Ligand SMILES: *Cc1c(COP(=O)(O)O)cnc(C)c1O
């Protein structure tokens with residue numbers, strides 16, 4: 001790897017651009033330090049931790065403007081658990097999946113591998129684009145991915161036409177892991193919106209949260225009561241009951257809860273979801289307009305409307321080796337710009353979650369220009 005030193009004035013103030021775990025703000029770590037002797041290392045069944053869990057639930061309800069009757073449910077294991085949990089307690093018979101990258105494909109694979117379900121209806125589009133939903137009477141869950149983290153494609157969350165969920169129609173179940181907190185969403189358009197806190201919420205992994213509509217809660221309860229066996233860890237009904245008590249089924253990482261609560265407070269204090277969405281949009285405009293103007297880079301996602309405002313993917317011309325570029329950036333303290341490993345493109349992937357300063361995205365673009373110049377000199 002060429003020894004290239006990026007001048008100080010061209011470097012972002014914070015060099016973390018990973019898509020998860022992602023940048024944690026220093027103030028969050030300071031909060032952790034503050035609580036180091038009183039909160040950390042205490043029982044999750046006692047008031048201090050349960051109060052924080054309640055604070056997180058209330059904060060989420062406020063951030064997303066959850067309508068009456070919606071509940072915030074949480075548990076251990078990260079968003080990946082929800083793919084499997086959904087096959088036990090959300091899909092009754094058959095689901096429809098929009099597949100446009102690795103994460104949405106894994107969600108569909110979980111449904112396909114569940115022997116108690118019918119073969120799912122899978123609508124697939126090549127990486128960099130997205131499929132359109134096909135409204136159908138024949139499914140009881142629409143499985144969407146708000147932001148496909150592997151490709152940098154985002155889709156709007158809209159309830160397909162058909163019988164409403166509260167009248168027994170299909171549920172809209174959204175993997176919002178990298179979208180939640182950075183992309184606009186109307187909770188009336190989903191029944192389950194699930195995510196992990198190590199992306200827009202700038203915390204650590206290991207936890208999942210799910211915003212659930214009354215129709216989703218009813219489905220979970222009915223499938224639980226109906227005798228379909230589920231491992232306790234994947235039984236959403238148990239998670240719902242625990243969450244109502246401001247607890248989790250088993251021990252959560254307290255540090256993750258603290259980091260998450262601090263980020264949530266920060267987002268709300270700054271103006272909530274509209275503020276976060278606007279900040280991510282600003283970062284994305286900087287990144288994509290730089291790539292479009294560049295003669296060696298361009299946005300991977302063809303349709304501007306599909307380009308994610310939180311995870312940007314940028315292709316490079318053959319003359320610029322993105323792997324070398326990422327390695328040089330890394331040696332200069334600018335980390336995790338490598339593309340999703342299985343995509344196999346000559347590409348960088350840049351996370352622009354709310355914690356990331358738009359000015360740092362601008363600095364990153366300047367730093368890339370500098371490195372490419374130095375590499376071709
Ligand atoms: C990161 C991510 C996941 C996996 O989250 P874990 O916390 O590792 O389980 C799932 N879906 C999407 C869209 C993601 O970005």
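Numbers below:
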read-out	value
Options 311, 317, 372: the member that is out of contact with any strand residue (DSSP E or B) (no Cβ under 6 Å at 6 or more places or on another chain), crowded, with 18+ Cβ neighbours inside 10 Å and at pLDDT 95 or above	372
Answer residue from region 140-150, given it is part of a loop (DSSP other than H, G, I, E, B) and under 13 Å from the mean Cα position of the chain (by Cα) and is nearest to the ligand (Cβ to nearest atom) among those	149
The one condition in (1) crowded, with 20+ Cβ neighbours inside 10 Å; (2) within 16 Å of the ligand (Cβ to nearest atom); (3) more than 19 Å from residue 263 (Cβ to Cβ) that residue 70 fails to fulfil	(2)
Criterion violated by residue 74 - all others in (1) at pLDDT 95 or above; (2) over 25 Å from residue 273 (Cα atoms); (3) not in a helix (DSSP H, G or I) satisfied	(2)
Number of the condition not met by residue 338 [criteria: (1) free of Cβ contacts under 8 Å to residues at least 12 places away in the same chain; (2) within 13 Å of residue 313 (Cβ to Cβ)]	(1)
Failed item in (1) within 13 Å of the chain's Cα centre (by Cα); (2) on the phi < 0 side of the Ramachandran plot; (3) within 16 Å of the ligand (Cβ to nearest atom), with residue 172 passing the rest	(1)
Test: residue 162 is within 11 Å of the ligand (Cβ to nearest atom) and more than 18 Å from residue 310 (Cβ to Cβ)	no
Conditions (1) more than 16 Å from the ligand (Cβ to nearest atom); (2) in a loop (DSSP other than H, G, I, E, B): number failed by residue 22	(1)
Filtered residues of region 87-116 (kept if under 19 Å from residue 230 (Cβ atoms), within 12 Å of the ligand (Cβ to nearest atom) and either assigned to a strand (DSSP E or B) or in contact (Cβ under 8 Å) with a residue 40 or more places away in the chain (or both))	107
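One line per residue, one yes/no per condition, for (1) more than 16 Å from the ligand (Cβ to nearest atom); (2) in a helix (DSSP H, G or I):
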| site | (1), (2) |
| --- | --- |
| 216 | yes, yes |
| 228 | yes, no |
| 240 | yes, yes |
| 251 | yes, no |
| 255 | no, yes |
| 265 | yes, yes |
| 274 | yes, yes |
| 279 | yes, yes |
| 292 | yes, yes |
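The values are calculated or read from the model by the stated rules, or taken from the named source; none is laboratory data. Computed from a prediction, not measured in an experiment: that's the story for all the values here. Virtual Cβ from ideal backbone geometry, glycine too; neighbours counted across all protein chains shown.
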